[in-house]
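Written out below as structure tokens is the structure these notes cover.
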Amino acid sequence: MQKIIDGFLNFQQNVFPEHSELFQRLATAQSPSALFVTCSDSRVVPELLTQQDPGDLFVIRNAGNIVPSYGPEPGGVSASVEYAVAVLKVSDIVICGHSDCGAMGAIATGQCLTHLPAVAHWLRYADSARVVINARQHATPQARMDALVRENVIAQLANIRTHPAVALALEQGRLNLHGWVYDIASGSIDALDGNSRRFVPLAANPQTCALETKGKSAPWAP
């Protein structure tokens, strides 16, 4: 805990004064350009990966970068998605999975989660990814895990499209969706190409989108 406190003191004494103008602008309003949905894993830091300043990203973090489908009893994730899209008017949504994800590892290995009932319930929102992966052959357990991480990003992109605010923004052509997988060891990101339905290196394909609708109407089918 002392390391955390020391970090704050350094921020207060050294970092904050250097960026005081930025924080003054942010003191009464925010206007992030993107909603970034990723895992709670301590090794994944959205602002660090994307080199964004405070105020640039509206971030949702949870186990497995999951977005439950919209339902009659919306939870915190649904409320955050709705606020980001309907109020803040973000132009892009990124759902970012990552290598060595504990949540996806539990699903991939069929880990018993009876002692973690809340976790077990939460991971049911990745059931479509699990079913798809179980229907395929995988050369190694690691290949199975890697495939699940990617398939889960695809599943959560489908889930987020069930949210009314997202559906409307897509129909109005003012929102793009992105599916990313971050590799911790290499620092690289693979992005879902909506046309080929394959993940490609983002560095070599910086314009890649899972679904691009800004400036045009979205396709009817999800």
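The values are calculated or read from the model by the stated rules, or taken from the named source; none is laboratory data. Note that the coordinates shown come from a computational prediction; the quantities given were computed from them, not determined experimentally. Here the Cβ positions follow ideal geometry from the backbone for every residue, glycine too, while neighbour counts run over all protein chains shown. Surface areas here come from the heavy atoms of the whole protein model, side chains and all, with no ligands, DNA or RNA. Shrake-Rupley method; radii C 1.70, N 1.55, O 1.52, S 1.80 Å.
Worth pointing out:
- Highlighted here are the strands (runs of 3 or more DSSP E) found entirely within region 1-102 that include at least 1 residues which are of a type in the set (Gly, Ala, Ser) and closer than 20 Å to Ile160 by Cβ: 34-39, 92-98.
- Set Gly97, Gly76, Gly102: member being open to solvent by 50 Å² or more (accessible area, probe 1.4 Å), closer than 30 Å to Pro141 by Cα and within 17 Å of the chain's Cα centre (by Cα): Gly102
- Enumeration of residues in region 38-69 that are open to solvent by 60 Å² or more (accessible area, probe 1.4 Å) and in contact (Cβ under 8 Å) with a residue 60 or more places away in the chain: Arg43
- Of the residues making up region 190-199, those that are touching a strand residue (DSSP E or B) at 6+ places or on another chain (Cβ under 6 Å) and open to solvent by 30 Å² or more (accessible area, probe 1.4 Å) are Asp190, Asp193, Phe199.
- Being without any contact (Cβ under 8 Å) to a residue 60 or more places away in the chain and either in contact with a Cys (Cβ under 6 Å, 6 or more places away or on another chain) or within 23 Å of Ser128 (Cβ to Cβ) (or both) holds for only one residue in Gly7, Gly75, and it is Gly75.
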